[in-house]
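Q: Starting off with a structure, shown below.
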Amino acid sequence: MSDFLIINVVIPLVQIGVLLGILGLAAGYIVLAERKVLAFIQSRLGPMRVGPHGLLQPIADSLKLLLKEDLIPGSADKLLYVASPVIVVAMAFTALAMIPFGQGITLLGYHIPGVIADVNVGILLILGISGLTTYGIILGGWSSNSKYPLLGAMRAAAQMVSYEIALTFAVLAGLMVAGTLSMVGIVEAQRDMGVWFVFIQPVAWGIFTIAMVAETNRAPFDMAEAESELVGGFFTEYSGMRWALFFLGEYTAMLVIAAVNVTLFWGGWMRPFPNVEALAFLDVVPSGIWFLLKVTSFLYFYMWIRGTFPRYRYDQLMALNWKSLIPLSILNLLVTGVVMLLLA
Amino acid sequence: MSTIVSSAPSSSAPEKTFLERFLLVELLKGMWLTLKYTFRPKVTVQYPLERESVHPNYRGILRVDESTCIACYLCEKICPDKCIHLEGERGYTKGKGGKYATYFYIDHARCLFCGLCEEVCPVDSIYHSNEYEAAVYNRVDAVHDLQILDSGHNIIHYER
Ligand code: SF4
Ligand code: SF4
């Protein structure tokens, strides 16, 4: 086999296989972790009966969902109804390809990079692809041909489109400092400057963190689902495996956006204080583990705020975005530009 | 001319400064609270594995002490739901004279656990136990006869 074939076909395929295999299981365990964290916040124990401390619960859940009857409402638009969960999952998985998970390793003489596709406009591509998730949600809500899903889908669309503006402006502020659009390049820029961008751009990080919660339709911005007012939101009519696909898509999107946050503001796969020689012993921990630790902290943050804050009202949600986040992010962009001009 | 009345509820909370609002101080306080609760002891009782004990005065499933009952019919009379049925006769059994109950049925499906029968019994023969697991699959099984009432309620295990 020629080297070209191995580097361009075999290695990416193995990476994709490993990632998808791990992710399928990990999503289930993120759900379990979420149930446990929420339970602990409410002084409960959470799932305890399947396996020790409920550790086999995700497997039982997915088996149940797989074996459920495949229902399609009679008045639904069949093609779009079937397609929309697939769109959501496919978009979330595609965005995952651009995430640098680590430094990369050398195995059998071949360098295996820590990222599946090091695209030179990686972060733009991720934002664009996550934007397409909205299609899955709108089509899912619309094709169900029922009132609650439609309302949920319309809310989701308005919310995601609005928050994308603040999100992108926050990302832009980080990119101005990094000077590159490549995800790997951003991490390397932080290594060369010797500082994580969260310390240079704290306001942009704050805006990004708030907007990313809204962007993934998570509590306290889960207007699209809003169990207490819209039954189940845009996937009210979905059940069984299709419903599970929406869930998988939601949790993968959480993972992706948390990974973007880590890459852009928290130094990606780097250990804390990468320039301090005294902490070099931290390098025994592989770069991938540092990355996962950081992403896990963000996942915990997601669950933590879900257990803490009540859902925003719809107009409050929009006011927060249009009246606070967007002006603030533009101001931040302006200040960044002026400071960079003065320093140049 | 009508005066415009502000419909906003007046709040007694002190006005927050801009810095407090910008740094989300109140939200961070809330997150600190939930973080503390995360590590507090949990209140869940894992029911079939652990059981809370009930208060001694709890009015659970009825029991009758067969050896002391004098078949006076007072409990049957006072029962508002008419769920006690008993029959007694005179004789010498079980080492005592006088009347004793020959049969005694209590329908727990109809009982409202008012405790009147327990109060009215002159010899404290009928009483509420602390057992609360009274669920049955079959209505007939909720009717306890003298033997069950005397020896204690057994949880019925159903076969498929
Ligand atoms: S508790 Fe009340 S309802 Fe039940 S058997 Fe006694 S008197 Fe009747
Ligand atoms: S009131 Fe007491 S003694 Fe009289 S019949 Fe009922 S259980 Fe027996």
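Q: Residues B:THR34, B:THR17: which one is modelled with pLDDT of 75 or more, among the hydroxyl-bearing types (Ser, Thr, Tyr), closer than 25 Å to A:LEU328 by Cβ and open to solvent by less than 100 Å² (accessible area, probe 1.4 Å)?
A: Only one candidate qualifies: B:THR17.
Q: A further question on this structure: Is there any pair linking a residue in region B:113-135 that is within 14 Å of chain A (Cβ to nearest Cβ) to one that is within 14 Å of ligand 1 (Cβ to nearest atom) and of a type in the set (D, E, K, R), with Cβ under 8 Å and at least six apart or on different chains, and which?
A: Short answer, once both residue conditions are applied: none.
Q: Let me confirm something: among A:LEU245, A:LEU293, A:LEU255, which residue is out of contact with any helix residue (DSSP H, G or I) (no Cβ under 9 Å at 6 or more places or on another chain) and modelled with pLDDT of 85 or more? Let's see the steps before the verdict.
A: On the way: A:LEU245 fails: out of contact with any helix residue (DSSP H, G or I) (no Cβ under 9 Å at 6 or more places or on another chain); A:LEU255 fails: out of contact with any helix residue (DSSP H, G or I) (no Cβ under 9 Å at 6 or more places or on another chain).
Among A:LEU245, A:LEU293, A:LEU255, only A:LEU293 is out of contact with any helix residue (DSSP H, G or I) (no Cβ under 9 Å at 6 or more places or on another chain) and modelled with pLDDT of 85 or more.
Q: Those residues that are farther than 16 Å from A:ILE257 by Cα, in a helix (DSSP H, G or I) and β-branched (Val, Ile, Thr), I need them from region A:145-200; list them, please.
A: A:VAL177, A:ILE200
Q: Using the structure shown, decide if A:ILE116 is open to solvent by 20 Å² or more (accessible area, probe 1.4 Å), in a loop (DSSP other than H, G, I, E, B) and either closer than 22 Å to A:ALA259 by Cα or touching a His at 6+ places or on another chain (Cβ under 8 Å) (or both).
A: Considered against the rule, which asks whether it is open to solvent by 20 Å² or more (accessible area, probe 1.4 Å), in a loop (DSSP other than H, G, I, E, B) and either closer than 22 Å to A:ALA259 by Cα or touching a His at 6+ places or on another chain (Cβ under 8 Å) (or both), A:ILE116 comes out as yes.
Q: Now a separate question. Here is a list: A:LEU63, A:LEU80. Which entry is of a type outside the set (Asp, Glu) and open to solvent by 60 Å² or more (accessible area, probe 1.4 Å)? Step through it out loud before you land on a result.
A: On the way: A:LEU80 fails: open to solvent by 60 Å² or more (accessible area, probe 1.4 Å).
Testing whether each residue is of a type outside the set (Asp, Glu) and open to solvent by 60 Å² or more (accessible area, probe 1.4 Å) leaves just A:LEU63.
Q: Here are B:VAL54, B:VAL64: which of them is out of contact with any helix residue (DSSP H, G or I) (no Cβ under 6 Å at 6 or more places or on another chain) and either at pLDDT 85 or above or within 7 Å of ligand 2 (Cβ to nearest atom) (or both)?
A: Values: B:VAL64 fails: out of contact with any helix residue (DSSP H, G or I) (no Cβ under 6 Å at 6 or more places or on another chain).
After ruling out the rest, the residue left standing is B:VAL54.
Q: Test A:VAL50 against the criterion of being open to solvent by 30 Å² or more (accessible area, probe 1.4 Å) and part of a loop (DSSP other than H, G, I, E, B), and give yes or no.
A: It is true that A:VAL50 is open to solvent by 30 Å² or more (accessible area, probe 1.4 Å) and part of a loop (DSSP other than H, G, I, E, B).
Q: What's the total number of residues in region A:135-144 that are among the aliphatic types (A, V, I, L, M) and either outside any helix (DSSP H, G or I) or surrounded by 24 or more Cβ atoms within 10 Å (Cβ to Cβ) (or both)? Before the answer, list the steps.
A: We begin by selecting, within region A:135-144, every residue among the aliphatic types (A, V, I, L, M); these are A:137-139.
With the extra rule that they be either outside any helix (DSSP H, G or I) or surrounded by 24 or more Cβ atoms within 10 Å (Cβ to Cβ) (or both), the set shrinks to A:137.
So the count comes out to 1.
Q: Right, another one. Quick one: in region B:95-128, of everything that is assigned to a loop (DSSP other than H, G, I, E, B) and aliphatic (A, V, I, L, M), which residue is farthest from ligand 2 (Cβ to nearest atom)?
A: Only one residue tops the list, namely B:ALA109.
The values are calculated or read from the model by the stated rules, or taken from the named source; none is laboratory data. For clarity, every value in this text was computed on a predicted model and none was experimentally measured. Ideal geometry is used to build each Cβ from the backbone, glycine not excepted, and the neighbour counts take in all protein chains shown. Accessible surface areas use protein heavy atoms only, side chains included; no ligands, DNA or RNA. Shrake-Rupley method; radii C 1.70, N 1.55, O 1.52, S 1.80 Å.
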